[in-house]
Amino acid sequence: MNAIRVGLAGTGRIGGFHAETLKSLPWVDSVIVTDADVARARATADKLDVEFAPDLGVLFASGITALVVTTATDSHPELITAAVDRGIPVFCEKPIAADVAGTLEVVRHVAKSAVPVQIGFQRRFDAGYRAARQAVASGELGWVHTLRATTLDPAPPPAEYIPRSGGLFRDCGVHDFDIIRWVTGREVTEVYATGANRGEKFFADADDVDTAAVVLRLDDGALATVSLTRYNGAGYDVRLEVLGSNGNAVVGLDDRAPLRSVEPECAPSPLPAYPGFLDRFHGAYIEELATFVGVAGGQMANPCPPGEALEAFYIAEACELSRHEGRPVRVSEVRR
């Protein structure tokens, strides 16, 4: 495989981590970064000893052969289509766009080209989730009847983030919706979602919730529950339980899971709880970008094309409708 030159747009927390990862990967010849915050991009470039571009025009003119997008959501469609039109493979953090209409427009545009676009759902690259998927596919668990998923953040993001986040279902729950589809190989047909606000007022002001519960019905009759919150003070808690007629598989139940048993015989773990997503999914993020380098170099199949992200987004959209209307919603109601 020929070495590739990677451009990275967006040098925030995850962007800085990705830039450092890319620099360390085999087959990456060079990395060049840019950001709307020029000073931040320059500081990242200096810290990591990679190249700096003052704007996107310079980035695209620099001879990049792959692009990693970690900018704000509203810029994703423009960056994806600009790269694809130039024949440049793209890795883009979810979501593709802020709404279904924008997502569909990008999906249709990308479908006209053979240029790969990989969407960032890092849980697909986590060893635990991969083991659970294999346990389902092998038949080891028997037939799956119940799944329980959690994404529990230790503390809310800044107030200014919430109005442009897309809401709890699109911002956080979408990872659970994607991984439930991926682990089971099934589609979600119906949702019932509800939410609550007991924390900061800025959630309600943005017509969002800080805590939610979702029931999903899969196309084979299995049921799944998803619990979401911005206020899990014990730590970052992301797990999946897959329960079958012959056995079960549990992801995320390790010594750093922020769970405290009050049973007298159970000693607490001496290890600290995960403080956030970069700690919990450190290895998965690295594997995800290593895979993208292989995709960009034509050595690997795309593990998460835009159509996969669209399916998870449809489920999130159905949840939002269900929360507002207080009723079960079939996913087919929000398809376009």
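The values are calculated or read from the model by the stated rules, or taken from the named source; none is laboratory data. All values derive from a computational prediction rather than experimental measurement. Counting neighbours? That spans all protein chains shown, and the Cβs are built from the backbone with ideal geometry, glycine included. Calculation scope for accessible area: heavy atoms of the full protein, side chains included, ligands and nucleic acids excluded. Shrake-Rupley method; radii C 1.70, N 1.55, O 1.52, S 1.80 Å.
Points to keep in mind about this one:
- Meets criteria (open to solvent by 60 Å² or more (accessible area, probe 1.4 Å), at pLDDT 95 or above and over 21 Å from the mean Cα position of the chain (by Cα)) for E200: yes
- Flag if A131 is without any contact (Cβ under 8 Å) to a residue 60 or more places away in the chain and either closer than 14 Å to N248 by Cβ or touching a helix residue (DSSP H, G or I) at 6+ places or on another chain (Cβ under 7 Å) (or both): no
- Qualifying residue in segment 124-137 (condition: over 29 Å from I14 (Cα atoms), small (G, A, S) and open to solvent by 70 Å² or more (accessible area, probe 1.4 Å)): yes
- Within segment 98-114, residues that are open to solvent by 30 Å² or more (accessible area, probe 1.4 Å) have Cβ atoms under 7 Å from residues that are among the charged types (D, E, K, R) and at pLDDT below 95 in these pairs: A98/D74, counting only partners at least 6 apart in sequence or on another chain.
- Matching residues in segment 94-133 - criterion: being touching a strand residue (DSSP E or B) at 6+ places or on another chain (Cβ under 6 Å) and farther than 18 Å from E78 by Cβ: G128, Y129, A132
- Considered as a group, the residues in segment 149-196 that are acidic (D, E) and in contact with a Phe, Trp or Tyr (Cβ under 8 Å, 6 or more places away or on another chain) include one that is surrounded by the most Cβ atoms within 10 Å (Cβ to Cβ), and that residue is D178.
For every residue, the table says whether it meets (1) modelled with pLDDT under 95; (2) farther than 19 Å from G16 by Cβ; (3) in contact with a Cys (Cβ under 7 Å, 6 or more places away or on another chain).
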| site | (1), (2), (3) |
| --- | --- |
| A267 | yes, yes, no |
| F277 | no, no, no |
| A290 | no, no, no |
| G294 | no, yes, no |
| P303 | no, yes, no |
| G307 | no, yes, no |
| A318 | no, yes, no |
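- Among (1) without any contact (Cβ under 8 Å) to a residue 40 or more places away in the chain; (2) closer than 24 Å to G102 by Cβ; (3) not assigned by the TED database to the domain that holds D171, the one test that F292 misses: (1)
- Remark: pairs (first residue in segment 7-31, under 10 Å from I286 (Cβ atoms); second residue surrounded by fewer than 16 Cβ atoms within 10 Å (Cβ to Cβ); Cβ separation under 7 Å; 6+ apart in sequence or on different chains) = F17/L278.
- A residue that is closer than 24 Å to R164 by Cβ, open to solvent by less than 20 Å² (accessible area, probe 1.4 Å), modelled with pLDDT of 95 or more and among the aliphatic types (A, V, I, L, M) cannot be found anywhere in segment 42-57.
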